[in-house]
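Below you'll find the structure, written out as structure tokens, and then a few comments.
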Amino acid sequence: MGMPEVVFGERKTPAQVAGIFKRLAKHGKNVLATRATKEQFTAVKKGVRGVKYEVAAQAIVLRRDRRLYGKGVIAVVSAGTSDIPVAEEAVVTAELMGNQVERIYDVGVAGIHRLLAHQKTLSRARVVIVCAGMEGALPSVVGGLIGAPVIAVPTSVGYGAAFQGLAALLGMMNSCASNVSVVNIDNGFGAGYVASLINRL
């Protein structure tokens, strides 16, 4: 219950996304299209009523079921402003799956006091999603502060040696915080989905 139908919009034409979205909408559930463009949204809204385009997340959303299925709060953390698009994809996914979500943005390790100012919110979350690029250190720090599961999302943010998120991915996978798990580079959707499953337990 509460699981949305999902379309991956990248490299699909507006007509393809519109056709798939329309078919999924007939099932009566929430529908989500990730990595979607405004052109794809324009095509979708011609055939489906009530859809919205979430600009920051680059997502097309049809919300029919607004019930909360999660048992607690999911916190979504971004290291910097550049990581927000990936964080917002996680937020939209988790919300559409029936979760209460709190955002904690621009709290990277370069200004660690900003993260510590949100320790109460982090401590009461049942799951925390942490999006970070560069060296990817933030999930380890968060993991050391709390006992809840931390889902780390490496982002393709950083200078050349960041290798489009590979440095952050490897750093997160080598985290010494035992409550940290890692999804693929820029995979806010995957993080939001897994966090939602954990939050239902």
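The values are calculated or read from the model by the stated rules, or taken from the named source; none is laboratory data. Given the structure is predicted, the values throughout are model-derived calculations rather than measurements. A quick note on method: Cβ atoms are made from the backbone with ideal geometry, for glycine too, and the neighbour counts reach across all protein chains shown. Please note that ligands, DNA and RNA were not included when accessible areas were found on the heavy atoms of the full protein model with its side chains. Shrake-Rupley method; radii C 1.70, N 1.55, O 1.52, S 1.80 Å.
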- Message: Tell me the net charge near ASN30. Cut-off is 11 Å between Cβ atoms, ASN30 excluded, with +1 for each Lys or Arg and -1 for each Asp or Glu.
- Response: +2
- Which net charge results when you count Lys and Arg as +1 and Asp and Glu as -1 among the other residues whose beta-carbon is under 14 Å from that of GLY70? +3
- Restricted to the chain, the DSSP antiparallel beta bridge percent, nearest 5, is 20
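How charged is the neighbourhood of VAL127? Take every other residue with its Cβ under 13 Å from the Cβ of VAL127, and add Lys/Arg as +1 and Asp/Glu as -1.
Net charge around VAL127: +3.
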- Query: What order do PHE41, PHE163, PHE189 take when sorted by accessible area (1.4 Å probe), most exposed first?
  - Reply: PHE163, PHE189, PHE41
- Message: Given a 1.4 angstrom probe, what's the average accessible area per residue across the chain, in square angstrom?
- Response: 48
- The alpha-carbon center of segment 103-164 and that of segment 20-70 are separated, in whole Å, by 28
- Gain upon complete extension [VAL55, GLN16; 0.36 nm per residue less C-alpha separation]: 12.0 nm
- What residues have an amide H closer than 5 Å to that of ASP65, excluding those fewer than 5 places away on the same chain, when H is modeled at 1.01 Å from N in the peptide plane? ASN30
- Query: Reachable lysines from LYS22, Cα under 28 Å, same-chain residues fewer than 8 places away excluded?
  - Reply: LYS12, LYS38, LYS45, LYS46, LYS52
- Message: Test of understanding: in a Gaussian network model of the chain with alpha carbons linked when under 10 Å, which of TYR159, TYR69, TYR105 would top the mean-square fluctuation ranking?
- Response: TYR159
- Whole-Hz Karplus couplings 3J(HN,Hα) for segment 25-30, θ = phi - 60° and coefficients 6.51, -1.76, 1.60, Gly and Pro as x, run 5, 5, 6, x, 9, 5
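Viscosity 1.002 mPa s, temperature 20 °C: Stokes-Einstein D of segment 1-109 from its Kirkwood Cα radius, in µm² per second?
Diffusion coefficient, whole number: 150 µm²/s.
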